């Protein structure tokens, strides 16, 4: 049996251990290939300062996730910049396009807080920011030296430019506040081209950009304001956060603003009040410097005190000083205040410059009597302000255009309302009263009285009075007078009817309508009053005509009349007149005695008291009805006519006795009426 | 060159067990004492030497390129390669430690590769080294190979001891595994070597 040796395979001489290096080689090559293929893109970022960046160490982070590591740090051409090569992972690299921004995050400790605290331990890192569109990846970038505070492509919002007078209260990263809510942040302040103001880019986050319109106003909300001004002490404390951080607030103070475009510029006002005031003035703060020279003391006037025009603040005092004027004996010290007026507040147009403003002031000074005047701003503090008042009666003056250092406004006497000035004013007014003239006029009046009393004609007056009394008595005793109560009663009845009719007939409404018409008439009269000057002129011409009349002749004829009267008094008949008066008086006395004996007076008294009661009642009625009083007045006129008619009767004296009897009867009737009224007072009104 | 007439097991037609030293007849396949396979000469021993040697060399490359230790502390995050660690230690003035690490991690493995390669190449050629010296070299290589593992042990001990989550953490890198494999492969390579062949005529 032939034993065939086992067939030798070609690999038979090879040891299976060869598989080990083979596997190891394959594995190593695989690892090498994988790490080469997945090592990402290399980008180069140039920085001015690469402090804290270490090759192989410093990560590149996007949204706080490490996406790459610095591979190499070297210098660019001419050692002018540091080139940092960063290996970025493959899946992110396509998004790093032209809009990408890189900056180094280092620990930063400032008054606003500690940022990048994690970098204290881990070291600085490079932060990157880019949008989510991949539009042409680049490999060469320029890094930012400062971390960008404002929103980048991945934040929605709007960047506007803010203009400040100075930037010492605001630092990069300070918050933008809208009603106390943080809605954005500001970037680093920078000077504008002409170096006159500070510009800050402010980023406002997306939903709050709708709050921003062209009517919005920004103001500095940093810290707190303490202002000790003419109007007292004001303390305005904001939140503690803005006290430390600083900040800028904005609000839309009036409605109707237009939408804002990114990059628009806004003025930042020093405080909220100024921001709100600014709505009514233009934003420009062009200044018109003028000076004012005061004669008296300016104690209480301080630098920064207000300058007001018709109650509005239009400027402030910038400078106070004294200077010597005149020569020799006329030398005197005058006090000068320099004012700066804000042209925008004078109500001129948007593009008005100092020349226009000066023209306006010059016109006001000449035509309206514009003067600068010291006025008390606060009685408590005694502070003063400069008031630009219009005094049309002031003596003519002009602005001294060539005065140094600024054009000089004319002044008016200070209107100080402190206590001493007020009491002094009172005394001055008392002093100015015409006491002497008053006394002289009183003395003259007394002299005239004395002359009248000493006049013989005056002495004759009592006698004439007695005769007048006689006539009156005769009148009172007449039948018709006795009939008066009945007539009064009838009048009361008719008055009651009138009252009823008034109640029925909406007289009050008519009255209101009448008042309305009167009101309109008054209004038209008011409009017509513009014609007054013409009327006045006519009146004046009439007066002149009157003046031209022959007053002298009138006086002369009066004089002649007096002389003839004198002559009449001097005649015999006149002399005998007293004797006949005497006889008449004796007759009156007899009559009076008879009257007294007949008890007529008592009855008359009771009748009078009853009539008084009736009169009171009538008075009540009359108060509620002016119309009635007018009728009464008409009645009185009629009665007057009647009385006059009776006075002329010739048989008056001869029928005295029968009249007395009639009086007695009438008095009885009046007494009865009076008693009836006493028992039932409303019968007078009601007519029963 | 020395005593070529010295009788050997092979020349006597016998097979010696390499493990326990007992001598058997020519056709015996297993040692009846210790059970080890018996072969007068293994024709593929040299192949195994070369295979392990190559595998060791392949994994030795990443062991030097990739980081051995990944150290993370609060302020520092670093990866250290073997050579970088040596240079760092040397820079810090720790010459002794640097020397130990350098010897254990670089000098010995590299010397071992060279020694094994030399032995395998000059197994029949005694121009540069006689049989006794070659034998001694083989013994040294076999003995010293395991000491290269101290580097791996250091890494293993550090990685397990220094583990204070946020404050400090040390993790073994790829190089540690590679290095351990490399040491193991070279040890196998040295073991695969049949020193009896040195003496074969």
Which of the residues that make up region A:326-350 are within 41 Å of the chain's Cα centre (by Cα) and at positive phi? A:347
Among the residues of region A:28-54, what is the count of those that are surrounded by 15 or more Cβ atoms within 10 Å (Cβ to Cβ) and on the phi < 0 side of the Ramachandran plot? 9
Out of A:493, A:442, A:464, I need the residue that is at pLDDT 70 or above, more than 42 Å from the chain's Cα centre (by Cα), within 28 Å of residue A:670 (Cβ to Cβ) and surrounded by 10 or more Cβ atoms within 10 Å (Cβ to Cβ). Which one? A:493
Among strands (runs of 3 or more DSSP E) completely within region A:282-374, the ones holding 1 or more residues that are closer than 21 Å to residue A:413 by Cα and at pLDDT below 80 are A:312-325, A:332-342
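Name the residues in region B:73-99 that are crowded, with 17+ Cβ neighbours inside 10 Å and either away from chain A (no Cβ under 12 Å) or more than 17 Å from residue B:153 (Cβ to Cβ) (or both), would you?
B:79, B:81, B:82, B:85, B:86, B:89, B:98 - these are the residues of region B:73-99 that are crowded, with 17+ Cβ neighbours inside 10 Å and either away from chain A (no Cβ under 12 Å) or more than 17 Å from residue B:153 (Cβ to Cβ) (or both).
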Looking at (1) assigned to a loop (DSSP other than H, G, I, E, B); (2) free of Cβ contacts under 8 Å to residues at least 12 places away in the same chain; (3) under 22 Å from the mean Cα position of the chain (by Cα), which is the only condition residue B:133 fails? (1)
Please indicate, with yes or no, whether at least one residue in region B:11-33 is in a helix (DSSP H, G or I), at negative phi and modelled with pLDDT under 85. no
If the Cβ limit is 8 Å and pairs must be 6+ apart or interchain, which residue in region A:7-35 that is within 9 Å of another protein chain (Cβ to nearest Cβ) pairs with which residue that is at pLDDT below 80? A:13/B:43; A:13/B:44; A:14/B:44; A:15/B:44
Does any residue of region B:20-43 turn out to be surrounded by fewer than 18 Cβ atoms within 10 Å (Cβ to Cβ), free of Cβ contacts under 8 Å to residues at least 24 places away in the same chain and within 13 Å of chain A (Cβ to nearest Cβ)? yes
Count - residues of region A:42-57 that are farther than 15 Å from residue A:80 by Cα and either within 14 Å of chain B (Cβ to nearest Cβ) or not in a strand (DSSP E or B) (or both): 6
Quick check on my filter: what residues within region B:167-201 are more than 14 Å from chain A (Cβ to nearest Cβ) and either assigned to a helix (DSSP H, G or I) or more than 17 Å from residue B:154 (Cβ to Cβ) (or both)? B:176, B:195, B:196, B:197, B:198, B:199, B:200, B:201
With the condition kept exactly as written, say whether any residue in region B:45-63 is modelled with pLDDT of 80 or more, within 30 Å of residue A:71 (Cα to Cα) and out of contact with any helix residue (DSSP H, G or I) (no Cβ under 8 Å at 6 or more places or on another chain). no
Would you mention how many residues in region A:174-208 are part of a loop (DSSP other than H, G, I, E, B) and touching a helix residue (DSSP H, G or I) at 6+ places or on another chain (Cβ under 8 Å)? 1
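The values are calculated or read from the model by the stated rules, or taken from the named source; none is laboratory data. Computed from a prediction, not measured in an experiment: that's the story for all the values here. Note that each Cβ is placed from the backbone with ideal geometry, even for glycine, and that neighbours are counted across all protein chains shown.
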